[in-house]
Amino acid sequence: MPPIAIHKHSYSLSPKTFISANLYLSETPEEMGSLKEERKTTGWAARDPSGVLSPYTFTLRNTGAEDVLIKVICCGVCHTDLHQIKNDLGMSNYPMVPGHEVVGEVVEVGPEVTKFKVGDCVGVGCLVGCCESCLPCEAEVEQYCNKKIWSYNDVYTDGKPTQGGFAGSMVVHQKFVVKIPEGMSPEQVAPLLCAGVTVYSPLNHFGLTKSGLKGGILGLGGVGHMGVLIAKAMGHHVTVISSSDKKKEEAMDVLGADDYLISSDVQRMQELADSFDYIIDTVPVHHPLEPSLSLLKLDGKLIIMGVINVPLQFVSPLLMLGRKTITGTFIGSMKETQEMLEFCKEKGVRSTIEMVKMDYVNTAMDRLVKNDVRYRFVVDVAGSKLEDE
């Protein structure tokens, strides 16, 4: 999830009154709708650029006609969460409750909600709003809307800050909620809602879904490991490309990659030149593009996934002499997210995770800085009993 900007919006949603999050589990939906208490929930928030998270109680907005009230079960931890709580991008607003790989249970729906019912297991990703009238929105690729609203560190249509999934509850418009296919475990689904759809989307958009393609995954972190799993599920021959052999055993024996290429191995790089249909580049720091471009065959695509805030360089003949493309995509649409979940259910795609309780989350963030996780932390929010704090 790339840098988060703040946008102002002029439209509004119809209000409906519900109750405080610490009461709703003991009430029926009818009883809930009849109460007029202000609803509050507890999350873990950063207060300043130190990024230290601690308990924070805040008010949830009144649920609108098309909103869904979700009790959070678990939430994945993304590198973007780390950047945001530490203000690495210079756009952070505090207090900030992070988390945009959210899985939970529907406990109440607004009167005009048609997609979900109480008891459904659902997911929420990076976005919770858009303008609904621009070209991207009309094309159902709302992630490219210039007025999109982020799950946290943004301002909602009511003028209040959005807060993420490191909290007991969320209220989200039904458009930005997805149904979790039956049989998929919440903790396995969480990383799919950002890392999973981030790699599924470009493969889907560029027509790189047919079996037999040869693909490369540059970088084996949270997004990279999902790239291997999803590309293999599509029937691709998958090569992990890395700067060292440290992750070779994991890539091939655990994730099922077909090959492992060390980018400094000149002989093997030459042997594999002009042979890849695509390379998904997940490296989030400055690095040369020429080695990857040399591996692409005619019409091959180098798909940039890492958020890098300094210019990247390449020599143009590497593109021109093979009609190659450097491109990039951004997360995925709500439609693609639902499709991706169904695909992962059908193919049995399972992410590699480490479950932690909320009181461990600061340690998890410290470990994430050191890339000391294989491959995604997932916070057991429901098991952390936040409402008791």
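The values are calculated or read from the model by the stated rules, or taken from the named source; none is laboratory data. Please read all numbers here as calculations on a predicted model, not as lab measurements. All Cβ positions, even for glycine, are placed from backbone atoms using ideal geometry, and neighbour counts span all protein chains on display. Just the protein is used for accessible areas: all its heavy atoms, side chains included, with ligands, DNA and RNA removed. Shrake-Rupley method; radii C 1.70, N 1.55, O 1.52, S 1.80 Å.
Placing +1 on the Cβ of every Lys and Arg and -1 on the Cβ of every Asp and Glu, with nothing else charged, gives region 333-374 a dipole about its Cα centre of roughly 120 debye. With the whole protein complex present, R350 retains an accessible surface near 150 Å², based on a 1.4 Å probe. Taking all protein chains together and rolling a 1.4 Å probe, E101 ends up with roughly 0 Å² accessible. Could you please report the charge total around P49, scoring K, R as +1 and D, E as -1 over all other residues with beta-carbon less than 9 angstrom from its beta-carbon? Summing Lys/Arg as +1 and Asp/Glu as -1 gives -1. Summing charges over neighbours of Q174, with a neighbour being any other residue whose Cβ is under 10 Å away from its Cβ, gives -1 when K and R count +1 and D and E count -1. On full extension, the segment bounded by M252 and Y94 gains 52.7 nm, given 0.36 nm per residue less the C-alpha separation.
Shape verdict for region 91-149, please, from the Cα gyration tensor: rounded (a/c under 1.5), prolate (a/b greater than b/c) or oblate. It is oblate, given that a/c is not under 1.5 and a/b is not larger than b/c.
Modelled this way, with points 7 Å down the Cα-to-C-beta line, the labels at K160 and D366 are 3.4 nm from one another.
The residues of the chain have, on average, 43 Å² of accessible surface per residue, using a 1.4 Å probe with all protein chains present. Beta bridges from DSSP with both residues in the chain: antiparallel share about 55 percent, rounded to the nearest 5.
Within the accessible area of region 297-379, the carbon and sulfur atoms contribute 52%, probe 1.4 Å, all protein chains present.
Can you figure out the FRET efficiency of V118 with E182, using R₀ = 25 Å and their beta-carbon distance, to the nearest 0.05? It comes out at approximately 0.95. In plain terms, the chain from N309 to K345 could stretch by 9.4 nm, reckoned as 0.36 nm per residue minus the Cα-Cα distance.
Each of V373, V177, F276 was scored by the projection of its Cα onto the charge dipole of the chain, and the greatest displacement toward the positive side belongs to F276; charges sit on the C-beta of Lys, Arg, Asp and Glu. Percent of accessible area on region 139-253 owned by carbon and sulfur, 1.4 Å probe? Looking at region 139-253 in its full context, I get 47 percent from C and S.
Using the Cβ-Cβ distance between D299 and M355 with R0 set to 41 Å, the FRET efficiency from 1/(1 + (r/R0)^6) comes to roughly 0.45.
Each residue was assigned an accessible area with a 1.4 Å probe, and for K147 the value is about 110 Å².
In this structure, the pairs whose alpha-carbon distance is over 25 Å, taken from K246/K324; K148/K179; K247/K385; K297/K335; K247/K335; K232/K324, are K246/K324; K247/K385; K297/K335; K247/K335. By its C-alpha gyration tensor, with a ≥ b ≥ c as the square roots of the eigenvalues, how is region 194-311 shaped: rounded for a/c under 1.5, else prolate for a/b larger than b/c, else oblate? Note, shape of region 194-311 comes out rounded.
In a fully extended conformation the segment linking R47 and D259 would gain 71.9 nm over its present Cα-Cα distance, using 0.36 nm per residue.
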